[in-house]
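What follows is a set of notes on a single structure, which appears directly below.
The values are calculated or read from the model by the stated rules, or taken from the named source; none is laboratory data. Since we're looking at a predicted model, the values are computed, not measured. Positions of Cβ are generated from backbone atoms using ideal geometry, with glycine treated the same way; all protein chains shown enter the neighbour counts. What goes into the accessible areas is simple: the full protein's heavy atoms, side chains included, and nothing from ligands, DNA or RNA. Shrake-Rupley method; radii C 1.70, N 1.55, O 1.52, S 1.80 Å.
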Amino acid sequence: MKKIQTIFKRDWENNGGVLNQYTDFLFPDGLLTCKPTEKLDGTNVRITVRNHIVVRVEKRRNPDKIQKHKGIEEPWYKDIDEFSPEDKWVVDGVRNTDFSSIPDGEWSGELVGPNIQGNPLGLENNRIVFFTLNQAPEIENVPIDFEGLKEWLPEQKSRYGNGNIEGIVWHCPDGSMYKIKTKDFK
């Protein structure tokens, strides 16, 4: 799993906020071919499904300081322990998710709900939203320039729950994804 790249360069000397400069690998006009969706504030998980039955549940694992020092930068997935108190809300989210229309495969998604990240969406139960299956709400008329996004993002209400959106994720035709969060504009 690769981290989703932020569309603007970061200012690491100023709390990691973004600069008014696109990342080296991104051409802003390229975003016009991508589908903007709401970035949901939750926990990243991957679910393996066979015949509409969940056969494996994994959660995102970020490298620790020692691993980063050794050059490991990208996160990976780790199996959950369904009997561990640490993973009880993941298990609860799986139980509350309807898999009847989910095809066979490994699907990444966002675990959201009252026990996840302070429930910024005001949801009533924990569940998984599969962004790899286009379940995140699509948003139209998203600006792609620095000043436009800086003004526009804080005003946007969630299309999935209550409250404001965390940010935008652009899904591009080649499978790449790019993001910006409201809090990136410090």
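Kirkwood Rh over Cα pairs of the chain into Stokes-Einstein at 25 °C, 0.890 mPa s: D in µm²/s?
In µm²/s, the coefficient is 139.
How far apart, in nm, are two points set 7 Å out from the Cα along the Cα-to-Cβ line at ASP29 and at ASP174?
Spacing of the two 7 Å Cα→Cβ label points: 1.5 nm.
Among residues other than GLY122 whose Cβ falls under 15 Å from its Cβ, what is the net charge (Lys/Arg +1, Asp/Glu -1)?
-1
Provide ILE53, ILE144, ILE72, ILE168 ordered by accessible surface of protein heavy atoms (probe 1.4 Å), highest first.
Most to least solvent-accessible, the answer reads ILE53, ILE72, ILE144, ILE168.
Under Stokes-Einstein, with the Kirkwood radius over Cα pairs standing in for Rh, what whole-number D in µm²/s applies to segment 81-172 at 10 °C and 1.306 mPa s? Intermediate values should be presented prior to the final figure.
Numbers: Rh = 14.9 Å.
In µm²/s, the coefficient rounds to 106.
So what's the gap between the Cα centers of segment 47-77 and segment 85-129, to the nearest angstrom?
Using only Cα atoms to place each centre, the spacing works out to 16 Å.
Residues with beta-carbon under 15 Å from that of LEU32, excluding LEU32: net charge, scoring Lys, Arg +1 and Asp, Glu -1? Before the final figure, lay out the partial values.
On the way: positive: LYS35; negative: ASP29, GLU138, GLU140, ASP145, ASP174.
Charge balance in the 15 Å sphere: -4.
Which lysines, if any, have their Cα less than 23 Å from the Cα of LYS70, not counting same-chain residues under 8 positions apart?
Answer for LYS70, where 23 Å is the Cα cut-off: LYS2, LYS3, LYS59, LYS78, listed by chain and number.
Amide H neighbours of THR23 under 5 Å, at least 5 residues apart or on other chains, H built in the peptide plane: list them.
PHE8, LYS9
Could you look at segment 4-75 and say what percent of its accessible area is carbon and sulfur, using a 1.4 Å probe and all protein chains?
50
Below 8 Å between Cα atoms, with a sequence gap of 6+, how large is the relative contact order for the chain in percent?
Relative CO of the chain lands at 29 percent.
How much length is gained if the chain between ARG95 and ARG61 is pulled fully straight, taking 0.36 nm per residue apart and subtracting their Cα-Cα distance, in nm to one decimal? Can you show the working numbers first?
Working: separation 34, 0.36 × 34 = 12.24 nm, distance 2.16 nm.
Contour length minus the Cα-Cα distance gives 10.1 nm.
What's the whole-number percent of alpha carbon pairs in segment 1-44 lying beyond 13 angstrom?
68
When the solvent-accessible surface of protein heavy atoms is calculated with a 1.4 angstrom probe, in what order do GLU166, GLU73, GLU13 fall, highest first? List each step's numbers first, then the result.
Numbers: GLU166 35, GLU73 95, GLU13 180 Å².
Order by accessible area, largest first: GLU13, GLU73, GLU166.
Just add up the charged neighbours of PHE99: K/R +1, D/E -1, any other residue whose Cβ is under 15 Å from the Cβ of PHE99.
Details: positive: ARG46, ARG50, ARG56, ARG95, ARG127; negative: ASP92, ASP98, ASP104, GLU106.
Computed value for this residue: +1.
How much accessible area per residue does the chain have, counting only protein heavy atoms and a probe of 1.4 Å, in square angstrom?
Per residue, the chain has 58 Å² of solvent-accessible surface.
Hey, can you grab everything whose amide H is under 5 Å from the amide H of TYR160? Only 5+ residues off in sequence or another chain; H modelled, so Pro and N-termini drop out.
The answer is none.
So what are the ³J(HN,Hα) numbers for segment 67-79, from phi and the Karplus equation (6.51, -1.76, 1.60; θ = phi - 60°), rounded to whole Hz, Gly and Pro as x?
Computed from phi, the couplings for segment 67-79 are 5, 4, 4, 7, x, 8, 10, 8, x, 9, 9, 9, 4 Hz.
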